[in-house]
Structure formats: C-alpha cells, structure tokens
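This report concerns only the one structure given below.
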Amino acid sequence: MNARFDVIVIGAGHNGLAAAEALAKRGKSVCVVEQSDAVGGMACDRLAHLLYNPAPSGVETREIDTVSLSPEGAHVLIRRGEARFTSGKPHPDAAAYQTLYRRLVRYAGLLHQLAEAPPPGLEQGVTSLAGLRELSRLAKLGVGVKRLGKAEMREFLRILLTNAYDLLLDEMPDGPLPGALAADAVRGAFSGPRSPGTVLSLMYRLRHGGGVFLPAGGMGAVAGAYAEGARRAGAEVRCGLGVTRVIVEGDKVAGVLLSDGGRLDASAVLSSVGPMQTMRMAGIAEFDIEAVRRARKLRAKGSTAKLNLRLGGVPEFTGLSAAQVKARLLVAPSVAGVERSFNPAKYGDLPKQPVLEMVLTDGTGPSTLSVIAGHVPETSWTTDRRESFTASVVETIERFAPGFGSLVEEADLLTPEDISAMTGAPGGHWHHAEMGLDQMLTTRPTVGMARYRFGVAGLYLCGASAHPGGDVTGAPGRNSAAQVLADGVA
Amino acid sequence: MMDGRIETRDVAAVPVGLIETPVFSRLDQISTAKQWGNWAGYISPLVLDTMEFEYFAIRNQSTLLDVSPMHKYRVTGPDAETMLNRMVTRDLRKVAPGRVAYAMWCDEEGMVIDDGTLFRFAENDFRLCCQESMHGWLLDAAWGFDVEVIDESHSVAGLSLQGPTSFSVLQAAGLGAAGSLKPFDLVKLEPDLWVSRTGFTGDLGYELWVPWDRLTKLWDRLWAQRAPWGMRAIGTHALDMVRIEAGFVAAKVDFQPVLTASRLGRGRTPIELGFERLVHFDKGHFNGRRALLKQRDTGPRYNLVRLDIGGFKPAQDALIYHRKRREVGHVTSGIWSPTAKRNIALAELRAPFGGEKTDDLWAEVYVNEEGRWDKRLVPVTVQTKPFFRNDRARATPPRAF
Ligand SMILES: Cc1cc2nc3c(=O)[nH]c(=O)nc-3n(C[C@H](O)[C@H](O)[C@H](O)COP(=O)(O)OP(=O)(O)OC[C@H]3O[C@@H](n4cnc5c(N)ncnc54)[C@H](O)[C@@H]3O)c2cc1C
C-alpha cells in the first residue's frame, strides 16, 4: 500500500508551503515533498533579503529606508513617498516625487485585490454562480477605477501599459531619485525601464503600500515561518526527496513517484516548479500540443545574480551616517543608467555599470552585505566571468565606500545558472517566468493556465510562475489552494 | 556595387507561379480542355478532356490522377506511434504495419485541423498524406518525443489509379501481386514502389507511391496498358464528383481547417463532421480530447449530413430551411449524381437539425430560366448511407472487369 494524501505539493518553496497550509487548514491531508534538505527554495538567506509585503505570522520585520546612491555624493534618502538628501537637505523634486509615488500606490492598491485571488476570468460565463462572482470582482475593479474620479481614471488607464522610463522622466529630471523607482520596476526581470509593461510591474511591487521590510532572522526565518504554518495546520513536510514523476491515470492525477523509488498517492498535485518542468514530470503526451508549445515558449530568462559578501568590518559609505548604511542601498544613479545596464544583457554580456540593491542583513550576521545585481546573463558563467563580475560589483561599491574592497573576506556569487541548479527555478528566474504584459494576470504564466490547473485533472501550478508571480508573498500558493478547493478535486 | 546595397536581381531567384509535377508534360500533351488549377502550388488538371467523360471513366473503367501535390510527411522513430496517437483522434495502436488509416487531427479545442491518410510502413515508420501544409504542426506535435519528421512533399510522388478496371491495369503492368491487397492494405511491390488499396472514390482503386524522379516511368508503365481497360487520365473536378458520391468531406469546402480560419467559431469538431466513430476516447490523451469529451456530453453545435435533394438542379451553396421558414444550414457540396441518379449534397445544419430533427427540411435553389430567376424550395431528406456503394470496392481479390 502506498501512502495516500489528498494533496501532494511538489517543492517546499514558500509558495508550496503557503498552499499546503491553506489546504491543511481546510482539513485536507497534505504532503509537501522537497528535493533539497531545507525548506524555502529561493526564499533563503543566500538569495532573497527583503519583503515588500506583510510577513507571515511569527516573523518580526523592520521597515527600513532606501538610500539611492549618487556618484556625486548627493545621495537621496527615501521612505515611501518622502525624499530628501541624506545630508538632511530638501530634495528639489521631493514634491513631484511624492505626487507620483502616491498616485502609483493608489493605483497599485486596485491591483492588489486582483493579486490576492485567482485572476478574473469569465470562462464559466455569467449563467453560473461562479461566473457571477467573477463578474462582480471585475466590476469591483471597475468601480475602484471609477472611484478615482474621471481625471485620475484616465491617468490610470494611460500609464497602465506604458514604460517606467517615460512615466518617471515626464515628472522629474533624471537622477538617483527616479533611478530608484526605475530599478524597483525591473528588479528580477529581463527588462529595462524602457520596456513596455514596466509601470505595471512597478505597481505590482508597490501594491502593499510600497514599504520595504527587513525580516528579523533573515529570509530563512521567513521560510521557516511558512513551514511552521504548514506543519501547524497539519501538513507533512518531507525534505531531501525529489518528485521524479507525476502519475497520471485516465487523465487524472493519481500520485507521484519519488527519487527514492517510493510512491505517494493523491488526487491533486500542486507543483511549485515551472509549467514545462511540471509537464515533463507528468509526460508530454498528457498535454495538448498548443499547451506544450506555450510552455516551451514561456519567457523565463534569469537575469538576476546574488552576491553575498562577508565583511571583516562595518563598511563606511561617504556621506552616509552609520544608521543610513543600514538602509536599503541602491546603485541606480539614473533611469537612463538602469536602461543602459540592461543593454549588454540582450547580447548575453555583463553589465558595465551594474544596478545593485544591497542590505546589511541581520540573518547571515551583521557583517554580510547581501547584494542583488540585475541584468546579468543567464548562462555561460565561466570561472573568469564569475571573478570579473564579482570584482566589478566590489569596484562599484568601492566608489561609494572607499576601502570597501579590503573588507571583503569571502564572496559567494550565485548566478542564474546556480540558482536554477539549486532550486529548479526555470532559468533561475526571480519570478519563474518573466512578468511581461503577455505573461500576467489572465495570461500568467501563459494562455490557458491562469486557473492554476492545466490539462490533467488535479494538476495545479502553485509557484511563482503562476498568478500573481514571484516575490516572497505566498500569494500564488494561496490562490492555487483556493482554486483546488473551488474545483473540489481533493 | 560597393555601397552595400543589394540588387533584387542578384538575390537567388524564387520560382514564380505554379510548379510542374514530373508528369506535367504528359498531361499537357493529352489535355484538350487546358483547364489547369493550383493544387498546393503545383499545376494540376481540373479537367483534361470533359468532366463527364472523366467521371464515367472513374465509375466504369479506370482513371489515372497525379496526386503528387499532396503534402506528405514521414514520421519515424521509437516514439512515432505514441506521438502520432497523441495527435490524431483515432487509435493508431490498432493500425498494423502494412495498413493505411484515414484520420483527423484537432487543435486543443477539438476543432479539426485537417484530415488525411496515415500509412504505416513498419512499427516505427509512418507517412501522413494530407491537403494542408502540416510541417510546423507536426514539429510542434513531435516536440518531446523521440521521432524524426521529414517533409516528403517534394520527394515522394504518387499516382491514383481508380475504377473497376484498375486492378486489371495493374496486372497488365506486371503488378498483379497487388491482387491480394484488401482495402487499406499497403505493400512494397518493388524497390521504391509502394502500393496501397486506397483512394477518394469509394470504389476499387489503388495509390502508387514512388520517388519524385521515378514518377514519369511509372506513368508510362501504366499508360501503356490503358487501351483494353479504357483508362483515362483525369482532373480534379471529376474526382470531386465521386468523392461527394462516396460521402468524403473535403477540407476548405465541407469544413474550414481551423488553423487557416481567421474568424472565431469557424472550426468544426470530428463529431460535428459525422466522424465520432473515429474519435477513440479510450486510448489515452490526444489533442483536443478534453474539449471533445465535453462536446460528447453536451452534443454537437452542427451536423454535417448527406442530403437527397428534390429536383435536378445541383444545390451547391443552397440554404436549408426548417418548415420552409427557419434557416438552419447550407449545402457545402452538391451535385447531380449520374450513378445514383439523384440530386445529392453534403450540408451543414445547425444542431439539433440533422441530428434528432430531420423532418420538414427544405433547400432553397435558384433556377435561371433564360434570364429569369426563379426561387424554389425543394424537399430534402437526410441520408445515413453513402450515395455510392458497390461491393466490388471491397472484393478481394478484386474481380476482373
Ligand atoms: C537572487 C534573487 C533574489 C531575490 N530577492 C528577493 C527579495 O529580496 N524579496 C522578494 O520578495 N523576492 C525575492 N526574490 C524572488 C523570490 O525569492 C521568489 O520569487 C520566490 O521565493 C519564489 O518562491 P516559490 O515558492 O514560488 O518557488 P521556489 O522558491 O523556487 O521553490 C521551489 C521549490 O521546489 C523545489 N523543487 C523543485 N523541483 C522539485 C522536485 N522535482 N521535487 C521536489 N522539490 C522540487 C525546489 O528545491 C524549491 O525548494 C529573489 C529571487 C532571486 C533569484
């Protein structure tokens, strides 16, 4: 007899765990199977470092400021909509920035309700109860947009599909202040601020109000809280065991095969890996040709690297107080600069002036600077290339913090290739699938998969590739669980 | 020129206009009608002499048609059966090597992409013959499977030899071994020559397949035997008459291949085209299965049916009415059948018409009486059997005529 569960979740990334918790809370027996020895997936100390949204219960967070570094030393201190120079002097564009920022957060709030549930869809038509419910959700968004007033509504619709470059530079001169928003718009993405859809991705990131939070104990603690939540609700979490195959019988999911040769039975399987990997596990022949083609063509070109620099002492940044050094530090000196850093990525080359997000983490000890570098190539990371990239990041920081290089005791570089090998994330991509206009909302990750299910009955996506996408939010996992419950398959 | 510009005339020339098949010169010599058409980019005869002569030759003697323009794809490899079985609606596991199967394949919504014949040469070796270009689709369908897909459209040629005396012609040409072929059998009779007992006429007939450069030789070999058996070369117009009699559907005529239709809702499912018997739900997943299962439960939106139409006037394109008032469909192919001596048609009716509801149906035909148009409503009856049936089509060995 094989062990039997109502639901099996492939991968104990935070989304898999969030899904498991939601299902277990509704009385389902759930087993989460994780190939690596630790829970959390990409939400671990070596990779993710900040939250843009509420943390799971049990994790303390601290909201921190953002400092956008200026090569001329005119660093900007930002918290939500407020901006001034780190010296305390007022910033000449503070008012314009505040107006724009508040507007974006207000608009982003409208998207929030769309993100917290499966994307709207009228596939059932409006003759059923479910269809009517969908219609009312869409209507609510409509009402929300209407409530903005006529002028604002027009503005919302005008900017929704435009690019961050135009939006920002229409409002203020270029520099570290708009540069910070430009960097936030494209972080994790294979896009530059001039790419279409970057206003939408910026708003997505601001949908919880725009605060930036440092979790106490680091991202590992966040992952631990997700796991604890799942276990407390009654889910079983097994690490060190990969799923090798999803068993399909009569067009329905029947269970999974494990890397140790074992088998678990279940009537629903939720997968936190990408659509293509999931299809391969279930067998390509079980899916329609078009669905396979769309999964094949999914854009998931990883472009974000992580560099953990262990330091022999606390770095000093010219013009920053000791407290300001503990802010989120950005190297995004201008919107144009962020765009330029993206150019080489199009040809698989390294950025000449990398855009960085840095934070002195609590999790890995106060002497570690956690650096996220954007716009790096996905593959072809030779030893040479790794070394020269690490050197160029350190050099970039050195420009703002003289003597920084000599503090570095160890550099732990994780390229998209490494991240993919570690977590199985497609292309090592932050969001498992690019957050492009064509791969969002009802077409996330692609046409026909927005309901978390695809093809085989009982098979669901629950990871970052599903709506609403990546970041440590747990939303895709929770939404997927809600869909499983609504479908009544488990 | 040294300025980097490219002159159009320096670019390798792409052939302009229709291409000749290997036997074009033969056809051109015979042709008195000089009516040529475009079949998948090739010059193909619509009529060589007169359509009537050619039609009666199919039904009473034998005929030769160059079917080389057909699209042909070879699918080989360990996963060939699995891959094709996931693509087509019928169960290919039941099609043994040495057999040919008529098959349809659908998009993910269950709408027919095309129909065609699948030749199974060996366990892992198939050829798909069809009307639409299918290379891209096959490559998509093959992704993830251990198979090789080769476009043989321009390397394999074929002749269709059809009619009651067709076997006699084969025998006279030294190919009497084809006598043991049952309908839909396939055999290699000589190196580079495969013969199948297949065709589009509903009658006794064979298709012969050779490498492109050997077609002329094959043509001459058969043509030399034509006299005692009354064999004629024909064009596609006559073929269209007999395929309607046999009840075969034609792509772009009786249904719109869904990948080429740009308007929404133009696709039709195999069930709607009357081919539910070729949809094998119990074989595992195949493209469009989930959508087709739904339709099996909810019922088709349309029914493609055979109609016997009152009067003599061919009812091509006629609208069909229920109780003479409500428009419920239209004729997709309609002819006067000289063999059945009936006015016959294929028509698409909106469900439930043609399904549960078959009575009180009328066709609206227009008659031009020397410049004066008259509109007539003629009664129609739905037929379940093909209009042409003759047991000589199935007799094995074929009878001599
Ligand atoms: C460098 C980097 C920095 C980031 N920083 C931040 C940040 O600061 N803030 C933020 O909000 N977001 C950040 N992100 C994004 C965020 O980490 C991800 O979007 C999120 O963690 C994805 O979670 P997930 O659960 O969907 O998938 P994952 O975390 O990728 O989890 C998938 C899990 O499935 C497991 N798995 C895969 N295949 C199998 C199998 N066959 N059997 C069993 N288990 C399997 C994997 O081991 C993994 O644990 C960052 C991403 C990157 C790449």
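The values are calculated or read from the model by the stated rules, or taken from the named source; none is laboratory data. Source: prediction; values computed, not measured. Note that we place each Cβ from the backbone using ideal geometry, even for glycine, and neighbour counts take in every protein chain shown. SASA here: full protein model, heavy atoms, side chains in, ligands and nucleic acids out. Shrake-Rupley method; radii C 1.70, N 1.55, O 1.52, S 1.80 Å.
Details
- Looking across segment B:227-268, the residues that are within 23 Å of B:ASP91 (Cβ to Cβ) and away from chain A (no Cβ under 14 Å) come down to B:GLY247, B:PHE248, B:VAL249, B:ALA251, B:PHE255, B:PRO257, B:ARG268.
- Residues that are at positive phi and surrounded by fewer than 17 Cβ atoms within 10 Å (Cβ to Cβ) within segment B:265-313 comprise B:GLY265, B:GLY299, B:GLY311, listed in sequence order.
- Whichever residue in segment A:259-273 is open to solvent by less than 10 Å² (accessible area, probe 1.4 Å) and more than 24 Å from B:ASP282 (Cα to Cα) and, among such residues, is nearest to the other protein chains (Cβ to nearest Cβ): A:SER271
- Scan of segment A:242-258 for residues that are within 14 Å of the ligand (Cβ to nearest atom) and open to solvent by 30 Å² or more (accessible area, probe 1.4 Å), ordered by number: A:THR244, A:ARG245, A:LEU257
- So A:VAL248, is it within 14 Å of chain B (Cβ to nearest Cβ) and part of a strand (DSSP E or B): yes
- The residues of segment B:352-362 that are under 15 Å from B:LEU304 (Cα atoms) and not β-branched (Val, Ile, Thr), listed by number, are B:PRO352, B:PHE353, B:GLY354, B:GLY355, B:GLU356, B:LYS357, B:LEU361.
- Residue, nearest to A:GLY73 (Cα to Cα), within segment A:382-393, restricted to residues that are surrounded by fewer than 18 Cβ atoms within 10 Å (Cβ to Cβ) and not charged (D, E, K, R): A:SER392
- Among the helices (runs of 4 or more DSSP H) confined to segment A:379-490, the ones with at least 2 residues that are away from the ligand (no atom under 15 Å from the Cβ) are located at A:383-400, A:404-407, A:475-487.
- Pairing residues of segment A:248-263 that are farther than 28 Å from B:ARG289 by Cα with residues that are within 14 Å of the ligand (Cβ to nearest atom) and open to solvent by 70 Å² or more (accessible area, probe 1.4 Å), at Cβ distances under 6 Å and at least 6 apart in sequence or on separate chains, gives A:SER259/A:THR244.
Okay, residues lined up against (1) closer than 30 Å to B:ALA318 by Cα; (2) in contact with a Ser or Thr (Cβ under 7 Å, 6 or more places away or on another chain); (3) assigned to a strand (DSSP E or B):
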position	(1), (2), (3)
B:THR201	yes, no, no
B:TYR206	no, yes, yes
B:LEU215	no, yes, no
B:ALA227	no, no, no
B:VAL242	yes, yes, no
B:PHE248	yes, no, no
B:VAL253	yes, yes, no
B:ARG263	yes, no, no
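- Top-ranked residue in segment A:274-314 [being open to solvent by less than 20 Å² (accessible area, probe 1.4 Å) and of a type in the set (Val, Ile, Thr); ranked as nearest to A:GLY488 (Cα to Cα)]: A:THR278
- Filter result for B:ARG306 (at pLDDT below 95 and either assigned to a loop (DSSP other than H, G, I, E, B) or closer than 30 Å to B:LEU377 by Cβ (or both)): no
- Residue that is nearest to the chain's Cα centre (by Cα), among those in segment A:143-171 that are open to solvent by 70 Å² or more (accessible area, probe 1.4 Å) and in contact (Cβ under 8 Å) with a residue 40 or more places away in the chain: A:LEU161
- Residue check for B:SER25: open to solvent by less than 50 Å² (accessible area, probe 1.4 Å) and modelled with pLDDT of 95 or more: no
- Residues that are small (Gly, Ala, Ser) and either touching a strand residue (DSSP E or B) at 6+ places or on another chain (Cβ under 9 Å) or within 14 Å of another protein chain (Cβ to nearest Cβ) (or both), drawn from segment A:425-457: A:ALA425, A:GLY428, A:GLY448, A:GLY455, A:ALA457
- Verdict on A:PRO90 being at pLDDT 95 or above and open to solvent by 70 Å² or more (accessible area, probe 1.4 Å): yes
- Test: A:VAL269 is in the same structural domain as A:GLU34 (by TED's automatic domain parsing) and not in a helix (DSSP H, G or I): yes
- Matching residues, segment A:172-184, being more than 21 Å from the chain's Cα centre (by Cα) and buried (at least 16 other Cβ atoms within 10 Å of the Cβ): A:MET172, A:ASP174, A:GLY175, A:PRO176, A:LEU177, A:PRO178
- Residues located in segment A:201-220, provided they are within 14 Å of the chain's Cα centre (by Cα) and more than 14 Å from the ligand (Cβ to nearest atom): A:LEU202, A:MET203
- Strands (runs of 3 or more DSSP E) wholly inside segment A:1-88 containing at least 1 residues that are within 16 Å of the ligand (Cβ to nearest atom) and either without any contact (Cβ under 8 Å) to a residue 60 or more places away in the chain or not basic (Lys, Arg) (or both): A:7-10, A:30-34, A:61-63, A:66-68
- Restricting segment B:272-288 to residues that are in contact with a helix residue (DSSP H, G or I) (Cβ under 7 Å, 6 or more places away or on another chain) and in contact (Cβ under 8 Å) with a residue 40 or more places away in the chain, the residue that is farthest from the other protein chains (Cβ to nearest Cβ) is B:VAL279.
- Unique match (being within 29 Å of A:ARG293 (Cα to Cα), within 13 Å of chain A (Cβ to nearest Cβ) and either at pLDDT below 95 or touching a helix residue (DSSP H, G or I) at 6+ places or on another chain (Cβ under 6 Å) (or both)) among B:TRP105, B:TRP137: B:TRP105
- For segment A:197-227, a residue qualifies if it is under 22 Å from A:LEU114 (Cβ atoms), part of a helix (DSSP H, G or I) and among the small types (Gly, Ala, Ser), and exactly one does: A:SER201.
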